[in-house]
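This report refers to the structure that appears directly beneath it.
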6 protein chains.
Amino acid sequence: MPKLTHFDDAGRAAMVDVSAKDETERVAVARGRVVMAPETLALIQSGSAAKGDVLGVARLAGIMAAKRTSDLIPLCHPLMLSKVTVDLTPALPDAVEIEALVKLKGRTGVEMEALTAVTVAALTVYDMVKAVDRGMRIEGVRLVHKSGGKSGTYEAE
Amino acid sequence: MPKLTHFDDAGRAAMVDVSAKDETERVAVARGRVVMAPETLALIQSGSAAKGDVLGVARLAGIMAAKRTSDLIPLCHPLMLSKVTVDLTPALPDAVEIEALVKLKGRTGVEMEALTAVTVAALTVYDMVKAVDRGMRIEGVRLVHKSGGKSGTYEAE
Amino acid sequence: MPKLTHFDDAGRAAMVDVSAKDETERVAVARGRVVMAPETLALIQSGSAAKGDVLGVARLAGIMAAKRTSDLIPLCHPLMLSKVTVDLTPALPDAVEIEALVKLKGRTGVEMEALTAVTVAALTVYDMVKAVDRGMRIEGVRLVHKSGGKSGTYEAE
Amino acid sequence: MPKLTHFDDAGRAAMVDVSAKDETERVAVARGRVVMAPETLALIQSGSAAKGDVLGVARLAGIMAAKRTSDLIPLCHPLMLSKVTVDLTPALPDAVEIEALVKLKGRTGVEMEALTAVTVAALTVYDMVKAVDRGMRIEGVRLVHKSGGKSGTYEAE
Amino acid sequence: MPKLTHFDDAGRAAMVDVSAKDETERVAVARGRVVMAPETLALIQSGSAAKGDVLGVARLAGIMAAKRTSDLIPLCHPLMLSKVTVDLTPALPDAVEIEALVKLKGRTGVEMEALTAVTVAALTVYDMVKAVDRGMRIEGVRLVHKSGGKSGTYEAE
Amino acid sequence: MPKLTHFDDAGRAAMVDVSAKDETERVAVARGRVVMAPETLALIQSGSAAKGDVLGVARLAGIMAAKRTSDLIPLCHPLMLSKVTVDLTPALPDAVEIEALVKLKGRTGVEMEALTAVTVAALTVYDMVKAVDRGMRIEGVRLVHKSGGKSGTYEAE
């Protein structure tokens, strides 16, 4: 059975040693979506034009959250991210698609940073629209690309 | 068309005034799940017994994240939460179900705190197991119960 | 000579006792501005329409910073703010005017929260435009209104 | 018209890619001042000797804030600062002058860190003295020196 | 055998419900000390006068840390502290004694806040003097007084 | 008399310049213990098996706190830690021994990170057991090993 890297042989959680890893350029891309009523999406889209930029606020929240990842995820290493982008795209009739890209020149991958950016952007969409639609759901949050480091490139789709 | 409460008439984002709201007991329950390969779930379950407590670490991360919600979600009010619980349950054959309950005696609801606890617990599960299964997905994150405050009780399912 | 409230008789800094103060509604309004080259302001204004919303990003940064005030200012009390708004207005030919309003139902004033919101919004404007204008200056950051609490209402202008 | 670097072609905010930049020694110096009533300055000066060290507390707050810059300014990169100094000097008859110097061996400039140190030190002076002088103003916060990196050395005065 | 309050019947950690507790005035006092070489203490004492105020910096660090307690201690409730004082006193020949007092009008005790203030103040003393004395030890950190709340008053010594 | 490195010649606190230091592998190990009633230790040990994992929660709190060190200790540099482990071991009849190891490839030592991990783990043990034993004490927190950097290797015991 494979071993979980975040535990030692006695099963104790640890922040694992990455000092022997190469400092390479690492990229991760994650995606997810917020599913909502079609009228909620229409409201968000009308707002993007003039009456309140839900997607702009969520983008910023996602970017800022990527920088907080090691504060939130107990065994993540603190990292000096070189780049973070978060895109939110209306997907008719009833969803907002979210994609985050994170880049680092460093010793460990940035999947968690990309996934954190996606989920916090999704939570922010939820927060800003919840007064009109409590039934929204965050779905399909997953890693879609990862490159750099010893484990090579991963493509999910 | 309904109005988004987090924007003023000119479409500017704001942290809305809750000072006129009653201080009542407010509860929110959110749920979500991490879907994974059946072998990954088996690994997590074996670990819970002795070799590394993935679910215990994720529970703690979720509780701590609930307290950080107003740092992460731009327009959330800072709150003095009275109670936070996070439960993670293996759901055979291929998922971990997560439920968070948050309670407050205060002037605004705690949905975002419950949803934040669920997503950060889910991200932590992902982090701890990602070395053996990069294809995991976070699915179905939603509010299932909310009570207290003027808008009354909401039950999703 | 008046005494500084943040020090005890021996000159030691302390977070002073506010437990005997009344829980009243407290409001503070602060203002400041970023002075820049006229072309820089033109660039910001063109961006607000379509190519990058400097003022929207700065507004959000100011709101979030208000919530972090007690983390930044050593002797400030942690507070559960009820409302925060930050407005940024182009002031032709060469400035962005910033005004922040903070409201609290609590035992201590919120001047520092309003001033922190203004300065962090100003710093964010600087950050986003610094590549084209390093000579910008933050000027005139001050309290313009304060009400609630024993010391009564203060109006600066 | 010049382009704002913090936005992509569609006007979406992003934390821009610095991974291709050289790792050089970068220095930034920022200045600002708190203008106050002459009696307020006298009070601060008497305190520095024995009864409460306003300037010492503000210096520390400024240094600590420099380390929090990427938490506060949405699109700033997290950085491992190598040096931070903050000096506060009484400027008779009615001001405290503040200067911050920040140094980094890294891929991006540290202007925002120096400016953040100055403004938080200024806010801390305000906080500690506000009970005796609500009319204080923070003025003239600007970058005075910047070196390292592709854009070369900048001297403001 | 008594039950640990931070775990439910299945042994799962939780932030326990305090919403039914009374909002009373709660006080906690904690103490501890940093033991060092006599020459190190002499150095600190000389510095307090003019050459660098170790105890003043440590006092401030302790006060600020009290406000961060719920970020650090996983199951602590976020609290709006009403008062925090930290005193550091040279204890000849070879120690600095630290005492922190924390006060709250609220639903849960503030022991952890007082203990956190003492330990972070102690760590800060260590940090500032470690270049001349690596053998310092933090000793005797304990609660000495607690009042308010259902469990009544506790006096340790 | 030796000079304290965290102050300049005028006695002003500063975050000292480490940019000229070599980037080497640095390790620090710190230890401490929580002394308690024998029945309290028995309770913790029984819990570790099934009814609530005090030591597991404290381990995680210690690891997360190591990452927050530069937020807590005013003049500590922000660092990208490569490894953090925290071990808590029951020491019959009446103590829990704590050891933290921190590793970094960087320009400054990690003693403060190791000491912070030990103290926050100790505080967390206290928090989780305080309802049954208010008389616990944190004792003997000290550096036991340090290597890397110009000052060479230090062994305390």
request  = Calculate the dipole size of the protein assembly as shown relative to its Cα centre from +1 charges on Lys and Arg beta carbons and -1 charges on Asp and Glu beta carbons; express the result in debye to the nearest 20.
outcome  = 0 debye
task = Compute the label zone of residue A:154 within segment B:105-143: residues whose backbone N is under 15 Å from the point 7 Å along Cα-to-Cβ.
result = B:123-138
Hz values of 3J(HN,Hα) by residue in segment E:113-123 - Karplus curve (6.51, -1.76, 1.60), Gly and Pro given as x = 5, 5, 5, 5, 4, 4, 5, 6, 4, 5, 4
inquiry  = Going Cα to Cα from residue A:67, which lysines come in below 17 Å? Please leave out same-chain ones fewer than 8 positions away.
reply    = A:83, A:103, A:105, D:67, F:67
Axis-nearest residue of B (beta carbon) for the B-onto-E rotation, whole Å = B:80, 4
remark   = Check: C-alpha center segment B:65-109 vs C-alpha center segment A:93-157, spacing in Å is 19 Å
remark   = For residue B:26, the residues 5 or more places away or on another chain with a placed amide H closer than 5 Å to its own amide H are B:104, B:105, B:106
ask   = How far is residue F:45 from itself in the other copies, in nm, if each label sits 7 Å out from Cα along the Cα-Cβ line, shortest first?
value = 3.2, 4.5, 6.6, 6.6, 7.6
note = Distances in nm between the label point of residue D:20 (7 Å along Cα→Cβ) and its equivalents in the other copies, shortest first, are 3.5, 3.5, 5.4, 6.3, 6.5
inquiry  = What's the longest uninterrupted piece of chain A once you rule out the trypsin sites (Lys or Arg not before Pro) that are loop residues per DSSP with at most 14 other Cβ within 10 Å?
reply    = A:4-149
inquiry  = Treating only the Cβ of Lys, Arg, Asp and Glu as charged (+1, +1, -1, -1), what charge dipole size does segment A:68-123 show about its Cα centre? Round to the nearest 20 debye.
reply    = 420 debye
key: Cβ neighbours within 10 Å from other chains - mean over E:19-29   = 2
remark   = Karplus ³J(HN,Hα) for segment E:79-91 (6.51 cos²θ - 1.76 cosθ + 1.60, θ = phi - 60°; Hz, whole; x = Gly/Pro) runs 9, 9, 4, 8, 7, 9, 10, 9, 10, 10, 10, x, 10
request  = Convert each backbone phi in segment C:124-141 into a coupling constant with the Karplus relation 6.51 cos²θ - 1.76 cosθ + 1.60 (shift: θ = phi - 60°), then list the ³J(HN,Hα) values in order as whole Hz, x for Gly and Pro.
outcome  = 5, 4, 4, 4, 7, 10, 5, 5, 9, 7, 7, x, 4, 9, 8, 10, x, 7
Nonlocal amide H pairs with residue E:145, under 5 Å, H built at 1.01 Å = E:29, E:156
ask   = In the Gaussian network model of chain C, springs joining C-alpha atoms below 10 Å, which of C:63, C:44, C:73 carries the largest mean-square fluctuation?
value = C:73
request  = Using the charge dipole of segment F:106-157 (Lys, Arg: +1 at Cβ; Asp, Glu: -1 at Cβ; taken about the Cα centre), state which of F:124, F:106, F:135 has its Cα farthest towards the positive end.
outcome  = F:106
request  = Determine the sum of side-chain charges near residue B:24: Lys and Arg each +1, Asp and Glu each -1, restricted to other residues whose C-beta is under 13 angstrom from that of residue B:24.
outcome  = +4
query = Mind checking which of A:86, A:120, A:18 has the largest fluctuation in a GNM of chain A, springs on alpha carbons under 10 Å?
reply = A:18
inquiry  = Is there a quick way to get the dipole size of segment B:43-157? I mean about its Cα centre, with the Cβ of Lys and Arg at +1 and of Asp and Glu at -1; what is the value in debye to the nearest 20?
reply    = 480 debye
Exam field: residue B:92 pseudo-label spacings to other copies (7 Å along Cα-Cβ), nanometres = 3.9, 4.6, 7.4, 7.4, 8.5
key: Residue among F:55, F:92, F:101 with the largest mean-square fluctuation in a Gaussian network model of chain F, springs linking Cα atoms under 10 Å   = F:92
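Throughout, read-outs are computed from the coordinates displayed, never taken from laboratory work. Since the structure is predicted, the reported quantities are computational estimates derived from the model, not experimental observations. A quick note on method: Cβ atoms are made from the backbone with ideal geometry, for glycine too, and the neighbour counts reach across all protein chains shown.
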